[in-house]
Each structure stands twice: as structure tokens, then as C-alpha cells.
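Right, one structure below, let's go through it.
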Amino acid sequence: MRIAVAGATGNIGARTVAVLEQAAHDVVRISRSHGIDLLSGEGLDAALTDVDGVVDATSHETADRDEAVAFFGAATSNLLAAEERAGVRHHVLLSIVGIDRVDGNAHYAGKREQERLVAEGPTPWTIVPFTQFHDFAATVTSWTEHDGVATIPPLLVQPIAPADVADILAEIATGTPQGHYRDVAGPEPQDLVDMARRTNDTRGHAVKLVPTWSSLLGPEMAGNVLLPGKDARIAPTTFDDWLANPR
């Protein structure tokens, strides 16, 4: 198949490209570094010529709700419009478990807008909600670390390996549209503070962790809010396995 991956140079996008190419699919990389701009639409029509399916693994980090909604809204609208012109038969969206249960997070607001546009759009679709990734704890501490100290919220998560995310996205992209897919998570619940400590220890990175809620990741995310539903698909790689062999 000929499959385009939006966000092809990102954490998940690059892995998804690799999985698809290993399976002998023809992959089109959609990113600004490849001359394709989702916000302006530049290069999209040429990129989607003869494409069977699209995997949208784009991301945008901002603490501003309006900015997040505007980014995901514009990028998704341009992508869907180009897909309709090209006759793309399947749009696969990487989403997040629990975004409908958290109102105050800017990124989640943007992802809700993205999901809405995909579900109402012209291309047959599959929306796949994943839990946080195994490297999420280290990412959070990198946002706040200063002078050897980092704050981190005491979230309960059930993280998944980025490589497992890519495998599942590639599998779904080469199948038929399924609408709202079930939650996808890793094998075990984890405490985010402990994940950060263990990740830093494994990497030999000395940092003092201060558990606290923040404006980005507040107490509305506490408890079971970020955990998958009972019918979730469970990916194989544990956090311990990932620490031993990050992928």
C-alpha cells in the first residue's frame, strides 16, 4: 500500500514510517522538513497522490488552549480536504485516552477538536486512543527541570512503549476503517513520579524530583482518569522491558 504519515519526523511518526517500510509499504513522509506544511497546505496535494491511507501522528506542544485548538483545527482541516481531493480511503488518527474527561488541559482541547473534525470529515476513519508513552515521565521533568530540581505531578498512568504504538498504528492503517477504536495501553499501571525516578537513574541523570500538581497537568487528571477502559487492547512491552531496551 501507499501510506502517508503526517508528523513523520516525530517520536511516533518516525517509528511508524520504519514499521511500514519494513513491511514493504510505500511511505510518504509528511513534515515541514520534507517540504509539506499542514498549516498552509503547501505540498499536500502532491504528497497524497495515489495514497491509500494516512496516519496522523502530528503533535504540538503549547500551554495555550486557543493556540492548540487553532493548530490542530487548521492542520487537520487541510489534511482532510487534501485527502478528499486525492480519494484517500482511510484516515488513522493517533489520539489520547481520557481526553473527554479532562477539560483544563490545552493539548487535550486541541486533540478533541482534531477528533471532531476527523469524525465529521469526508475520509473513512479510525481514531485510536493511546495512554501515555513510557518516555512521558522524562519528558515532563525536562519541561520543569532547573538547577537540578524538577517538579512532576503524581499521576497514575498505564504507559505504553512508543514502538508498540507504531506497530499498532501501522497495523490499523493497512486495514479497513473502524471508527472509534478501543483504548490501547501498556501492561501495567505506574506512578509517574516513580517512572521519572527510574528513568533518570537508568540514564545516569541526577535530578531531585518534587511531586506537585501544575497548570499543565492538574488534579483533574488524578485517580483513574488517565487509565484505559476495561475492554482496552494491551500492548506487550512493560516499563521494565523498555527501561532495559528503550525503543
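The values are calculated or read from the model by the stated rules, or taken from the named source; none is laboratory data. Please read these numbers as outputs of a predicted model, since none were measured by experiment. Every residue, glycine as well, gets a Cβ built from its backbone with ideal geometry; the counts of neighbours run over all protein chains shown. With ligands, DNA and RNA removed, areas are computed over all heavy atoms of the protein, side chains included. Shrake-Rupley method; radii C 1.70, N 1.55, O 1.52, S 1.80 Å.
Here the relative contact order of the chain, from alpha carbon pairs under 8 Å that lie six or more residues apart, stands at 19 percent. Label sites at His146 and Asp240, each approximated as a point 7 angstrom past Cα along Cα to Cβ, lie 3.8 nm apart.
When the dipole is taken about the Cα centre of the stretch 197-247, and only Lys, Arg (+1) and Asp, Glu (-1) are charged at their Cβ, what size is it in debye, to the nearest 20?
Using Cβ point charges on Lys, Arg, Asp and Glu, the stretch 197-247 gives about 140 debye.
Rolling a 1.4 angstrom probe over the protein heavy atoms, how many square angstrom per residue are accessible across the chain? In whole numbers, the chain has 44 Å² accessible per residue.
For the chain, the longest principal axis of the alpha carbon atoms and the long axis of helix 11-22 meet at an angle near 50°. The slack between Glu120 and Asp66, meaning 0.36 nm per residue of separation minus the straight C-alpha distance, is 17.4 nm. Extension gain, Ala24 to Ser215: 0.36 nm times the residue separation minus the Cα-Cα distance gives 64.4 nm. Placing +1 on each Lys and Arg Cβ and -1 on each Asp and Glu Cβ, with no other charges, gives the chain a dipole about its Cα centre of roughly 240 debye. Heavy atoms only, probe 1.4 Å: what % of the accessible area of the chain goes to carbon and sulfur, would you let me know? C and S fraction of accessible area: 50 percent.
Compute the acute angle (0 to 90°) between the alpha-carbon long axis of helix 192-203 and the principal axis of greatest extent of the alpha-carbon atoms of the chain; round to the nearest 10°. Result, in degrees: 90. Sorted largest first by accessible area at a 1.4 angstrom probe radius, with every protein chain in place, the residues Ser95, Ser40 fall in the order Ser40, Ser95. Note on Asp45/Arg233: beta-carbon distance plugged into 1/(1 + (r/R0)^6) with R0 of 45 Å gives a FRET efficiency of 0.85.
Compared with the dominant Cα axis of the chain, that is its longest principal axis, helix 65-86 is turned about 30°.
Given 0.36 nm per residue, what is the gain on full extension from Leu156 to Ala222 after removing their alpha carbon distance, in nm?
23.1 nm
Take the Cα of Glu84, step 7 Å toward its Cβ, do the same at Arg197, and the gap between the two points is 5.3 nm.
Between the entries (1) 8, 31, 36, 20, 5, 0; (2) 7, 29, 31, 19, 11, 3, 0; (3) 9, 38, 40, 13, 0, the label attached to P(r) over Cα pairs in 10 Å bins from 0, in percent calculated for this structure is (1). Solvent-accessible surface of protein heavy atoms, probed at 1.4 angstrom with all chains present, puts Val51, Val149 in the order Val149, Val51, largest first.
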